[in-house]
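Worksheet: one structure, shown below.
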Amino acid sequence: MRRPTPRFLAVAAVTLAVAAGIAWWLLRPHGDEPIVLHGNVDIRQVSLAFNGSERVAQMRVEEGDRVVSGQVLATLDTTKLALHLAQAQAQLGAQDQLLKRLEAGNRPQEIAQADANVRAAQADARMARQTLDRLREISRDTRGRAVSHEELDQAAAASAAADAKLDAQRKAHDLSVVGARKEDIDQARAQRDAAAAERAVVAQQLADAELKAPVDAVIRSRLVEPGDMASPQRPVYTLALLHPKWIRAYVSETNLGRIKPGQAARVTTDSAPAHPIEGRVGYIASVAEFTPKNVETEDLRTSLVYEVRINVDDPDDRLRLGMPATVELPGTVAARP
């Protein structure tokens, strides 16, 4: 029998090694390999508009400027609002003084005047009564010859009028002492409160004439200029928020089981591939969708994928809206072969 040559043995050894390598490659534990996803940076945006309608007076920031919460970004012309505020303040002061006067009641001098009016009416009523009594006595003594019936009727009417006037003066004195009715005071208080509310509305409109940044952000768009007419329906600035930021990527159903919320991730960009940014898996979609046009390849045009958001902390503000990014996730969960 012919013995194998050394060359044949070498070829056989190489063939066995290649076969073993292929078998290991096919049977290796895929779950230990990292998952690489490609996506884009996504951030939240805010469109700011004035609450009122007036001419824009100032635009204080430009595109790309970083702003902080509470910073004034733009102002409106407040000439009319300042006049309305002064008018509302004056009306509030008048109603407040009216309420104070009703609550305080009449002054001592006014009460003394009402008392003097009562005494004068008493004197008039006493005089009219005495005159009537004298005429009646004369008429009785002369059997009606000295005093006519007309004179007696006039004296009786004068006495009745004097009594009525005395009664009116007494009631006026009582009202002067008691003061205003509760209903009048309540009405004056309601009018004062209405004037205060009107002043508060104008004051709020004046405060709304300053457009302030709601959070720390970067100016993305400046949409009006001084002299333009602002309105609640017309945005003035568009702000890109500094926090939060995330990478919107898509994972195939094959690797979906290898990704869990809170899983660590490394994010790199083409502009700084040597400086990765740490992140963690946040949102994982529960509904599949077709691969988005901006990330698909020709062989994935009909593939179903799941959206994944990787939350990142970017204190140096290196990530920009829409920037392409690569996400690498460690393969800690076994995947399908």
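The values are calculated or read from the model by the stated rules, or taken from the named source; none is laboratory data. These figures come from a predicted structure and were not determined experimentally. Using ideal geometry, Cβ is built from the backbone for each residue, glycine included, and neighbour counts are taken over all protein chains shown.
Just to check your reading of the model, which residue among Ser221, Ser231, Ser176 is touching a residue at least 40 places away in the same chain (Cβ under 8 Å) and more than 30 Å from Ala57 (Cβ to Cβ)?
Just one listed residue meets the conditions, Ser176.
Report yes if Val202 is surrounded by 13 or more Cβ atoms within 10 Å (Cβ to Cβ) and assigned to a strand (DSSP E or B), otherwise no.
In short, no.
Test Gln191 against the criterion of being among the polar types (S, T, N, Q) and surrounded by fewer than 16 Cβ atoms within 10 Å (Cβ to Cβ), and give yes or no.
no
Are any of the residues in the range 72-89 β-branched (Val, Ile, Thr) and in a helix (DSSP H, G or I)?
yes
Within the bounds of the range 90-112, is there any residue that is modelled with pLDDT of 85 or more, under 30 Å from Pro232 (Cα atoms) and part of a loop (DSSP other than H, G, I, E, B)?
no
Which one of the conditions (1) surrounded by fewer than 14 Cβ atoms within 10 Å (Cβ to Cβ); (2) at pLDDT below 90; (3) not in a loop (DSSP other than H, G, I, E, B) does Asp316 fail to meet, given that it meets all the rest?
Unmet condition: (3).
In this structure, is Glu62 acidic (Asp, Glu) and surrounded by fewer than 13 Cβ atoms within 10 Å (Cβ to Cβ)?
Yes, satisfied.
Got at least one residue in the range 146-154 being assigned to a helix (DSSP H, G or I), buried (at least 17 other Cβ atoms within 10 Å of the Cβ), at negative phi and not small (Gly, Ala, Ser)?
No, the range 146-154 contains no residue that is assigned to a helix (DSSP H, G or I), buried (at least 17 other Cβ atoms within 10 Å of the Cβ), at negative phi and not small (Gly, Ala, Ser).
Within the group Pro337, Pro261, which residue is over 29 Å from Gly64 (Cα atoms), in a loop (DSSP other than H, G, I, E, B) and at pLDDT 85 or above?
Within the list Pro337, Pro261, the selection yields Pro261.
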